[in-house]
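Here's the structure, in structure tokens; my notes come after.
The values are calculated or read from the model by the stated rules, or taken from the named source; none is laboratory data. Everything numeric in this text was worked out from a predicted model, so none of it was measured. For neighbour counting, all protein chains shown are included, and Cβ atoms are generated from backbone atoms with ideal geometry for every residue, glycine included. What goes into the accessible areas is simple: the full protein's heavy atoms, side chains included, and nothing from ligands, DNA or RNA. Shrake-Rupley method; radii C 1.70, N 1.55, O 1.52, S 1.80 Å.
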Amino acid sequence: MKKNNAIFITGTDTGVGKTIATYALGVLLQSKGIDIGVMKPVQCAGDDALFLKEKLNIDDPLDDINPYFANEPLSPHLAFSRAKKKINSSRIINIYQAIKQKHDLTLIEGAGGLMVPLGKDCLVADLIRAMNAPIIIVARLGLGTINHTLLTISQAQSYGLKVCGVVFCETTRIKKGVAEQTNPEAIEKFGGVPVLGTVPFLKTKSRKEIVNRCDLNITKLTSSLRDTKTKKLAALDKKYMWHPFTQMKDWQEQEPLVIDQADGCYLIDTKGKKYIDGVSSLWVNVHGHRKKELDVAITSQLNRVSHSTLLGLSNTPSIELSKALVDITPKGLNKVFYSDNGSTSVEIGIKMAYQYWQNMGKAKKKQIAHLANSYHGDTLGSVSIGGIDLFHKVYRDLIFKTIKIDFPDCYRAPIDKEYPSYAFECLDKFEKLLEKNHESIAALVVEPIVQGAAGMIVWPKGILKKIAQLCRKYDVFLICDEVATGFGRTGKMFACEHEDVSPDIMCLSKGITGGYLPLAVTLTTDKIYEGFCGPYQDLKTFFHGHTYTGNPLCCAVALENINIFKKEKTLQKLAPKIKFLDKRLKMFYNLASVGDIRQMGFMVGIELVKDKNTKEPYPWEEKIGVRVCQRLREKGIILRPLGNVIVIMPPLVISQTELKRLLDATYDAVEEVTHLSSL
Ligand code: PLP
């Protein structure tokens, strides 16, 4: 079995000796019994590809080793446009994959340095990223080289490329002064990457001369070959990690899928296989992975300050983000309180509501109401207002008492009841409860319109509005947990907008940073905020805060996330995709196992049932949802189910073609797995 590895050889500049260094590395690797492949994907004049093919005795055809050749010694974007040819990077990748599979290790020589344009939207660095190969940087020795080499290392790292080392190359006979002798040491010290050695000026360029005179550290290279990397990581994962919501006994018996990179709507594993991120990395990703503007927002903030506390201090990005959030959220939400995950944003909402009434002298107003089937997170406060027995029952003795409001799962309303009228009936019951007990109820917490973790239960139109009216009438705060629904998921920026509702408290997280970093906010009104203001000795202060509250990196990326929504008209572009999704989802009803399809915007739940007529569920031990998602991995799609409900929640920027692929593969996987299970 070939090891299927690759290393990309780039340089600090043109003419630094990439070809000679590639040749020398090739010879030394071959002398260790390693089967070498080579590529020079793009060449402008010269005969580097032919030189490598002949000198290293490579059998692959020259057209594969060098698929793109232009005659003029210019930057590729220019040389190829003048030659009226276009470089197709997908074609390069296909050839590269084929060559790579034939050899233990393929050395790919670049054109110029990392930031050399291959075409309008593609630099050499983009090609390397698509190849998913670590790089070696070839540098010359001498004055000025530290600057060029450190710039190249830093640029490579900010592009997410793995630098496995620097090789110095003497392309002419040089006299080694202080600069030349100390360059390697300086690069290791300031660049933080290994220097693999120097290729001296080669008189004969013979294999013998290379073996005898080049002291490149090949062992460092071969030990980072990718196959061993995947196995090593899997073993370390099993040895040291405990995964959330996971039966670790099952985990130990499987090969974990280890994600190493991502690009747009795709996740890429350690073996280089690409998967559509069909659940947006747990409902968070909005504009795709490695979105340039978001990357830049983080790196530029990184160069200012990564963290400073909001306890007693403020910081620039958190102030700017607060304003931006107040501008885009429903009217009346004017104050922003930061935290770092969805569960805490809800706990903060509960504590705010509770303490407000205490501060106002209404000591009896203490109880928190929530809906059946609700999910608001995993900390004990949010578990207290959770209604999903599977997750929450075991902690019953640890949590505080709440008022649980009956609320139907639209698919499984009681037999003698009709949905949606039954949902309104439940609210009538809630009103009766409020009439009697409102003086002891501080707040009602809801996931507006879509109850996500319960299986994407979508409320009938008008329910949220009615809930808001009841809360207002009886002076009970409405807390809308938009952790899952916020930032465009339902087709509008916030689910509350569908019914023109402005809650007293709104909790946001997940999509707030475009899926980049953990951040959450709890927004509230001036009225609630003012209820906490008073003389210090009155102790009305909100005594709550987390170490990373308002972290500048998170706030900077969140701010840019909001900018992109505006700049790229994300929601306008989403509308036709929602329509397409809606239409294609109807086809799933053709499948015998599909009982219900629930959709609101880009939140989808497909409930699989054993018997469509009786709605009999698949027994949970059959893990039907998990099996469908496992089948999907083989098809290059990542989904995560909620029991028997297949959840589809791709990044908002997914293209219609990718969406179609995702839906078609899901359709097939459901058909295949449920068919097998009925045999
Ligand atoms: N609230 C809702 C509606 C959620 O869907 C979730 C998570 O899925 C949470 C809160 C908890 O968020 P986190 O996992 O960031 O604590």
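Accessible surface ranking for 600, 587, 1.4 angstrom probe, highest first: 587, 600. Shape analysis of segment 344-475 places it in the oblate category; the axes a ≥ b ≥ c from the Cα gyration tensor give an a/c of at least 1.5, with a/b not above b/c. Restricting attention to segment 84-160, the count of lysine pairs at 8 or more positions apart or across chains with alpha carbons under 26 Å apart stands at 5. As an equivalent ellipsoid, segment 325-389 spans semi-axes of 21, 19, 11 angstrom, where each value is the square root of five times an eigenvalue of the C-alpha gyration tensor, largest first. The trypsin sites (Lys or Arg not before Pro) found in segment 512-583 that occupy coil by DSSP, while having at most 14 further C-beta atoms within 10 Å, are 569. With N the number of residues in segment 234-317, Rg(Cα) / (2.2 N^0.38 Å) evaluates to 1.47. Multiplying the residue separation of residue 186 and residue 403 by 0.36 nm and removing their Cα-Cα distance gives an extension gain of 71.5 nm.
Please identify which residues in segment 363-377 have an amide N closer than 13 Å to a label point set 7 Å out from the Cα of residue 395, following the Cα→Cβ vector. From segment 363-377, the list is 375-377. Expressed per residue, the C-alpha convex hull volume of the chain stands at 185 Å³. Computed extension length for residue 45-residue 613: 197.5 nm, one decimal, from 0.36 nm per residue of separation with the Cα-Cα distance subtracted. For a modelled paramagnetic label at residue 461, 7 Å from Cα along Cα-to-Cβ, the residues of segment 479-496 in reach, with backbone nitrogen under 16 Å, are 491-492, 496. Per residue, the average separation of C-alpha pairs within less than 8 Å and at least 6 apart gives segment 333-458 a relative contact order of 30 percent. Set Lys and Arg Cβ to +1 and Asp and Glu Cβ to -1, take the dipole of segment 574-668 about its Cα centre, and tell me which of 581, 599, 643 lies farthest positive. Among 581, 599, 643, the one farthest towards the positive end of the dipole of segment 574-668 is 581.
Counting every C-alpha pair in segment 1-135, the share spaced more than 19 angstrom apart comes to 44%. Taken about its Cα centre, segment 108-186 carries a charge dipole of roughly 120 debye when the Cβ of each Lys and Arg holds +1 and the Cβ of each Asp and Glu holds -1. Pick out, from 279, 6, 177, the residue whose Cα sits farthest towards the positive end of the charge dipole of the chain, with +1 on the Cβ of Lys and Arg and -1 on the Cβ of Asp and Glu. Looking along the dipole axis, the top candidate is 177. Accessible area per residue for segment 314-423 is 49 Å², calculated with a 1.4 Å probe on protein heavy atoms, without ligands, DNA or RNA. Given +1 at the Cβ of Lys and Arg, -1 at the Cβ of Asp and Glu and no other charges, the dipole of the chain around its Cα centre is 1060 debye to the nearest 20. Using a probe radius of 1.4 angstrom, the carbon and sulfur fraction of the accessible surface of segment 353-433 is 56%.
Share of carbon and sulfur in the accessible area of segment 457-579 stands at 56%, probe radius 1.4 Å.
In this structure, residue 328 and residue 305 have a Cβ-Cβ separation that, at R0 = 30 Å, corresponds to a calculated FRET efficiency of about 0.75.
Here segment 1-69 and segment 241-262 have alpha carbon centers that stand 37 Å from each other. Calculate what fraction, in whole %, of the accessible area of segment 590-647 sits on carbon and sulfur atoms when a 1.4 Å probe is rolled over the protein chains. Of the solvent-accessible surface of segment 590-647, carbon and sulfur hold 50 percent. Partner lysines whose Cα lies under 25 Å from the Cα of residue 189, excluding those fewer than 8 positions away in the same chain, are identified as 18, 162, 175, 176, 220. Between residue 563 and residue 360, the FRET efficiency from the beta-carbon distance, with R0 = 51 Å, is close to 0.85.
Taking 7 Å steps out from each Cα toward its Cβ at residue 472 and residue 580 produces label points 3.9 nm apart.
Taking the Cα centre of segment 581-679 as reference, the dipole from Cβ charges on Lys and Arg (+1) and Asp and Glu (-1) amounts to some 220 debye. Counting only DSSP beta bridges whose two residues both lie in the chain, roughly 45 percent are antiparallel. Here the spin labels are modelled as points 7 Å beyond Cα on the Cα-Cβ line, and at residue 634 and residue 174 they lie 5.5 nm apart. Shape class of segment 155-289 from the alpha-carbon gyration tensor: prolate, with a/c at 1.5 or above and a/b greater than b/c. For segment 79-228, the per residue solvent-accessible surface stands at 48 Å², with DNA, RNA and ligands left out and a 1.4 Å probe. Please give the FRET efficiency for residue 229 paired with residue 90, using the beta carbon to beta carbon distance and R0 = 25 Å, rounded to the nearest 0.05. So the FRET efficiency works out to roughly 0.45. Pairwise alpha-carbon distances in segment 423-464 exceed 14 Å for 59% of all pairs. Here is how the number arises for the chain: DSSP H runs of 4 or more residues each give -39500 (n - 2.57), the sum is divided by the residue count, and the result at 222 nm is -12000 deg cm²/dmol. Averaging the sequence gap over all C-alpha pairs within less than 8 Å and six or more residues apart, then dividing by the number of residues, gives the chain a relative contact order of 12 percent.
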